[in-house]
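Q: Please find one structure pasted underneath; my questions will follow.
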Amino acid sequence: MSVIYKKIQQIIGPLIFLKNEHNAQYGEIVKIKTNDGKTRTGQVVKMDEQVIVVEVFEETTGISSENAEIIFTEDTFQVKISKDMFGQTFNSLGKPIDIKTKIALDSDILTEVQRDINGVPINPFAREYPVDIIQTGISVIDGLFTLIRGQKLPIFSVQGLPHNKLAAQIASQAKVISEESFVIIFCGIGIIHDDAIYFLKRFQETGSLQNIISFINFADDPIIERLIIPRIALTTAEYFAFEKDMHVLVILIDMTNYAEALRELSTAKEEIPSRKGYPGYIYSDFASLYERTGKIKGKKGSITQIPILTMPNDDISHPIPDTTGYITEGQLVLSRDLHKKGVYPPFEVLASISRLMKDAIGAEKTREDHADISSQLLSSYSNYLEVKDLISIVGEDGLNYEQKNLLKFGIDFEQRFLNQKEDENRTFENTLNIAWDVISNLNPNQLMRIHQKYIDKYFQARV
Amino acid sequence: MEESNKGFNTGYISAIIGSLIKIKGLENHVRLHDLVKISNYQILGEVIQIYSDHIIAQCYENTIRVKLNEEVINLNEPLSMELAPGLISNVFDGIQRPLKEVFKNFGSGGLERGIKFPPLSRTRKWHFIPLRKIKDKINSGDIIGTVQETQNFEHNIMVPPYHSGTLSFISDEGDYTIIDEIYKLKINSQEKSFSMMQKWPITVNRPYARKENPSEPLITGMRVIDLLFPIAKGGTTAIPGGFGTGKTVIQQSLAKWSNADVVVFIGCGEPGNEIANILKQFSEIINPQTGRPLLERIVLIANTSNMPVSAREASLFSGVTIAEYFRDMGYDVAVLADSTSRWAESLREISGLLEEMPAEEGYPAYLPSKLSNFYERAGVVKTLGTDHQGIGRKGSLTIIGTISPPAADFSEPVTATTKRLVQSFWALDQKLAYLKHYPAINWMNSYSNYAPLIAEWWYERDIDWPEIDIDWIECRKQVNEILSEEKELTYIIQLIGEKNLPDDQQLVLFLARLIKNGFLIQSAFDDIDNYTKIKKLLGLIKIILLIYNEGKLLIEQGILIENFLDSEIINEILRIRHSVKNDDFYLIEELKNKLLKRLRSLTI
């Protein structure tokens, strides 16, 4: 029998205060029914002998001290999960919605299981070190910053760059090379309605919809739901990965909205801020999401995360990208300059890195020459950028033979290797071949990072 | 727990705020920092404040579903480490829960609450060899016997501090668990029984006879460190660096190659895959000195970023307590803490929940004192006690902590405070990392105060090359000279171009490039380059400095710098680091002779 309170003592922002009259559980979920027929959800965040403090997940506008019934559910926040979810879109409370109208559907899924959205931390000893690749079909990622199953690899973008397009392309093309099942969980955090419709349309066009479960929190939804929705998405991912043996790729977009919601709530709770007003626990909080990634010994499935965030003021040292970069295993940074040149995807390759890549590529995994050629591409591209600076001083005529090669290489690299169409899906083989095509602008003696045997095998055939 | 005490030893929950719990009924019976067991979920907590009518405890696990009025039991002891055979190659969380055991028993891979396993196995038997006889006078720290814990690691069984008396019983050689009675001491006519295990509270320093000055380097195999920014055994170092600068790779290289006997690796608030990586690598890599997996000298403390923050706060002191225990056996122990910033953040989170008045950037005012409590536990000590032949022991505890300053800003409180407490400082630089110059230790901002203390040690091991008679100290001096002159020159080059510099300055630029690419840059993933022995290090740097010293003479004679060396021999020097094995020193010697011949042939 649920306990019902009829009187609220105080309402401050998202917090409501009740006079403690029964033995509640810490973290218990409560339903707040107002007399206009609306039901909101909240959670016990503090309690003592006099007061129970409930944090409301939705808007508190319209609640008065007298017009609401507060029902204690004797349960924590659970999400319903089922395989029927594929191809559908859900809101922050795990309800199916119509993405065009934003309205929650009457129909509900046939629940297989219910899970607490906070999950349980993975025992570090139980983790299996990730060494298997995912093919995204995008050359710059597969070739230079290979994504590994069980990795968390964020994309640092800025406003105005095509990160949505990139996210949609990854979601529709990503696959594992083996025949195991691979699914996508797409989690939109505070995204605008037009973007949500765009994603849905892209998923439909590419025929990948049946492989995707979407969770969408719209920009005008209550901010506190932004903190809930990634946890719902990850709980769903954990079920499919660790109980159903699937490889799950979770795309979280946009983590900046998440962090801002965290800050807003922290301010409402009058907590002491640390950098730029963000709470001191932003690292732990981010980690509680990002760390729900990986592989577990003895289980077949895996969870891979691509969190996407927009850097405020293009500043990579801002707390949001900075904190993320400390937790994740590398980062992919997008560049305004390349975008202006019309290169898609516009990767700032020298600032990007995939830290788990080195143990996961090579013969029998991708191809024997992969490590060498990716290191050569990066090093030659950085030389190319130096040569470009030099031109402004000495002019193109002042360059020597090797520098002229680099110039040709650099342009080719940007136009052919980096640049690809948003529906172009390249295999690893294809990507590495393009890499060699691009490299063949250079002289063999400029290829210090490639073993001679690979130069003999792949380079000579091209010149 | 005695029955009559039961009434005094239970209280009840009166408020819950996150991981903090207010408890009534125990205020007159608990001591500060004692442990309590909370609610039916058996959550472990620590008393952090005592008021007249209640106490506050912080929980090491999350408090979801806990209710008011649930029972709290006073465990009557502070958080302590179990110290006995079984520590080596083991993995614990911040409060010494054995993560391997937990995983074996709960195959799910999750860390549920309230799981209680003893940190060290109570059933595993160890082969104990007694070294003392009945009626021997025994003091604290004396070695009673030994256990061969791994093939190469001898675990000394010592009498715990503050106990001395006459040995009235000692077990014969044989197999015992760590809780079996091994010996008895008669202390002031009272007989006390001991097992192999001792317990020690994590916040109390283990006592020693006296502290000594560090005099030996901890050889890391990383050239930039061993030459320019050395750390002494028993010393302290901080490694600050923004993300992507390679802190973790440096820590892992230290754990792999440094010449400590035991390494305690504390993964404090770092991602879980990092721990998985260490476990995988260290069981695969064979220690060249012993021929056994590297894991056999490592104790891992893993409190990853998603585990509760209060246990993260404890993890640093848990690790250092285990390290002191091995130091007391007479070993050289290195504590690697990654990262102390995450630890400081856990302090900040708890302080925030307690609504304490913050100092800088929300950190509590006691951050410096807590940090110094940690770093002060490093040192070289003459330990308590002797072995069975009456010989005393010297042990050392080196602390190497990483710092993750937000936005790579070294003026933030954790970096600034740590800088005052440590004797050497390896500043990692995002610009170098961007240029793929690893280890990205910036040679202008880093420092070490240990060089004069360990110069003697290096002097005794110098290679004997009469042609270039400079010792380790002089090598350091010349390298620093070249690198700092290069820095000044870069400004001039931007104005007039490199070719317009006088020859002696061009020589400096050339040497700086050689030092950077042929010496400072070191690949942690190359099978030869990952670890440089001191002989190779000295040979390599002396070859480079040979060019410098001979070159200066040649320039004085008016010989043009472009005529010095052809690109072939320069390439040969640049390739030494990853093509000449540590044991093939003769190759370096040959190259030196070739180089010398070439340079001297230029003299008119």
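No value in this document is a laboratory result; all are computed from the given coordinates. Everything numeric in this text was worked out from a predicted model, so none of it was measured. Virtual Cβ from ideal backbone geometry, glycine too; neighbours counted across all protein chains shown.
Q: Using Cα-only point scatterers and the Debye equation, what is log10 of I(q)/I(0) for chain B at each q in 0.09 Å⁻¹, rounded to two decimals?
A: Listed by q, the Debye log ratios stand at -0.79.
Q: Next question, about the same structure. Could you check the spin-label model distance between A:Asn445 and A:Phe86? Points 7 Å from the Cα along Cα→Cβ, value in nm.
A: Here the answer is 5.7 nm between the modelled labels.
Q: Then there's this: List, largest first, the extents of the alpha carbons of the range B:126-196 along their principal axes, each in whole Å.
A: Principal-axis extents of the range B:126-196 (Cα, largest first): 39, 19, 19 Å.
Q: Cut-off is 10 Å between beta-carbons; in what order do A:Arg367, B:Arg342 appear when sorted fewest neighbours first?
A: A:Arg367, B:Arg342
Q: Let me ask something else. Provide the FRET efficiency to the nearest 0.05 for the A:Ile4-A:Val51 pair, computing r from the beta carbons and using R0 = 22 Å.
A: 0.80
Q: Another question about this same structure. Beyond 27 Å, how much of the Cα-Cα pair distribution for the range A:78-359 remains, as a whole percent?
A: More than 27 Å apart: 35 percent of the Cα pairs in the range A:78-359.
Q: Another question about this same structure. When Lys and Arg each count +1 and Asp and Glu each count -1, what net charge do the other residues less than 13 Å away from A:Ile308, Cβ to Cβ, add up to?
A: 0
Q: If you take every residue apart from B:Trp257 with its C-beta less than 11 Å away from the C-beta of B:Trp257, what net charge results, scoring Lys and Arg +1 and Asp and Glu -1?
A: Net charge around B:Trp257: +1.
Q: Please tell me which of these pairs span more than 19 angstrom C-alpha to C-alpha: B:Lys431/B:Lys487; B:Lys133/B:Lys184; B:Lys116/B:Lys192; B:Lys233/B:Lys516?
A: As for pairs spanning more than 19 Å Cα to Cα, those are B:Lys116/B:Lys192; B:Lys233/B:Lys516.
Q: Please give the FRET efficiency for A:Arg416 paired with A:Ala461, using the beta carbon to beta carbon distance and R0 = 22 Å, rounded to the nearest 0.05.
A: 0.80
Q: Below 21 Å, Cα to Cα, which lysines can A:Lys453 reach? Residues fewer than 8 away in the same chain don't count.
A: A:Lys358, A:Lys365
Q: Within the set of other residues whose C-beta is less than 13 Å from the C-beta of B:Arg327, count the net charge using Lys and Arg as +1 and Asp and Glu as -1.
A: Net of charged neighbours comes to +2.
Q: For the range B:461-601, what is Rg from Cα atoms divided by 2.2 N^0.38 Å, rounded to two decimals?
A: 1.05
Q: Moving on to the next point. Loop by DSSP (not H, G, I, E, B), at most 11 other beta-carbon atoms within 10 Å: where is the longest site-free stretch of chain A for GluC sites (Glu not before Pro)?
A: For GluC sites (Glu not before Pro) (loop position, at most 11 other Cβ atoms within 10 Å), the longest site-free span of chain A is A:67-178.
Q: Taking the Cα-to-Cβ direction at A:Glu112 and at B:Asn76 and moving 7 Å from each Cα, how far apart do the two end points lie in nm?
A: Going by the 7 Å Cα→Cβ label model, 5.1 nm.
Q: What longest range of chain B stays clear of loop-exposed chymotrypsin sites (Phe, Trp or Tyr not before Pro) (DSSP non-H/G/I/E/B, at most 12 other C-beta within 10 angstrom)?
A: Between exposed loop sites, the widest span is B:163-524.
Q: Also: Contour minus end-to-end for B:Arg461 and B:Leu354, with contour as 0.36 nm per residue of separation and end-to-end as the Cα-Cα distance?
A: The span from B:Arg461 to B:Leu354 would gain 33.0 nm if fully extended.
Q: What does a probe at B:Met444 reach in the range B:467-506, counting residues whose amide N is under 16 Å from the point 7 Å along Cα→Cβ?
A: Of the residues in the range B:467-506, B:480-495 have backbone N under 16 Å from the label point off B:Met444.
Q: Same structure, new question: Diagonalise the Cα gyration tensor of the range B:382-431 and give the resulting equivalent ellipsoid semi-axes, square root of 5 times each eigenvalue, largest first, whole Å.
A: With the √(5λ) rule applied to the range B:382-431, the semi-axes are 39, 10, 7 Å.
Q: Considering the Cα trace of the range B:55-98, what is its radius of gyration and what is Dmax, both in angstroms?
A: In order Rg, Dmax, the Cα atoms of the range B:55-98 give 14.5, 41 Å.
Q: Follow-up. Sorted from fewest to most neighbouring beta carbons within 10 Å, what does the list B:Met444, B:Met196, A:Met311 look like?
A: B:Met444, A:Met311, B:Met196
Q: So what is the 222 nm mean residue ellipticity for the protein assembly as shown from helices alone, if each DSSP H run of at least 4 adds -39500 (n - 2.57) and you divide by all residues, rounding to the nearest 500 deg cm²/dmol?
A: That comes out to -9500 deg cm²/dmol.
Q: Continuing with the same structure: Determine, at each q value in 0.16, 0.18, 0.19, 0.23 (inverse angstroms), the log₁₀ of I(q)/I(0) that the Debye formula gives when each Cα of the range A:214-345 is one equal point scatterer.
A: Results for the range A:214-345 at q = 0.16, 0.18, 0.19, 0.23 Å⁻¹ read -0.90, -1.07, -1.15, -1.39.
Q: Compute the distance from the alpha-carbon center of the range B:213-253 to that of the range B:304-343, in whole Å.
A: Cα centres, the range B:213-253 to the range B:304-343: 17 Å.
Q: Rounded, prolate or oblate for the range A:133-268? Axes are the square roots of the Cα gyration tensor eigenvalues, ordered a ≥ b ≥ c, and the cut-off for rounded is a/c under 1.5.
A: Taking the square roots of the gyration eigenvalues as a ≥ b ≥ c, the range A:133-268 is prolate.
Q: On to the next question. Please compute the Kirkwood hydrodynamic radius over the range B:279-326, one decimal place, Å, based on all pairs of different Cα atoms.
A: 12.4 Å
Q: In the protein assembly as shown, what is the volume of the convex hull around the alpha carbon atoms, normalised per residue and reported in Å³?
A: With only Cα atoms used, the protein assembly as shown gives 182 Å³ per residue.
Q: Could you give me the radius of gyration and the Dmax of the range B:59-179, taking only the C-alpha atoms into account and expressing both in angstrom?
A: Cα-based Rg and Dmax for the range B:59-179 come out at 18.7, 57 Å.
Q: Based on the Cβ-Cβ distance from B:Ser215 to B:Lys133, what FRET efficiency comes out when R0 is 30 Å, to the nearest 0.05?
A: With a Förster radius of 30 Å, E is 0.25.
Q: Starting from the Cα of A:Lys6, draw a straight line to each of the lysines and keep only those under 29 Å, dropping any in the same chain fewer than 8 residues away.
A: Once the sequence-local lysines are set aside, what remains near A:Lys6 is A:Lys19, A:Lys31, A:Lys33, A:Lys38, A:Lys46, A:Lys80, A:Lys95, A:Lys269, B:Lys22, B:Lys67.
Q: Which whole number gives the average, over all residues in A:276-288, of C-beta atoms from other chains lying within 10 Å of the residue C-beta?
A: 5
Q: So, one more: Helix A:223-242 sits at what angle to the longest principal axis of chain A, using alpha carbons and giving 0 to 90 degrees rounded to 10?
A: Compared with the principal axis, the helix lies near 70 degrees.
Q: May I pose another question? By what distance, in whole Å, do the Cα atoms of the range A:152-196 stretch along each of the three principal axes, largest value first?
A: Principal-axis extents of the Cα atoms in the range A:152-196, largest first: 36, 20, 17 Å.
Q: If each residue's Cβ is checked for other Cβ atoms within 10 Å, how do B:Asp503, A:Asp389 rank with the fewest at the top?
A: A:Asp389, B:Asp503
Q: Okay, next question. For the range A:370-462, what's the radius of gyration and Dmax over Cα atoms, in angstrom?
A: Final numbers for Rg and Dmax: 13.8, 41 Å.
Q: Let me know the Kirkwood hydrodynamic radius for the range A:4-72, please, with Cα pairs as the basis and the value in Å to one decimal.
A: 11.6 Å is the Kirkwood radius here.
Q: To check you understand DSSP bridge types, tell me what percent of the beta bridges within the protein assembly as shown (both residues inside) are antiparallel, rounded to 5.
A: Looking only at bridges with both residues in the protein assembly as shown, the antiparallel portion is about 65 percent.
Q: Can you give the Kirkwood hydrodynamic radius of the range B:1-88 from its Cα pairs, in Å with one decimal?
A: 13.2 Å
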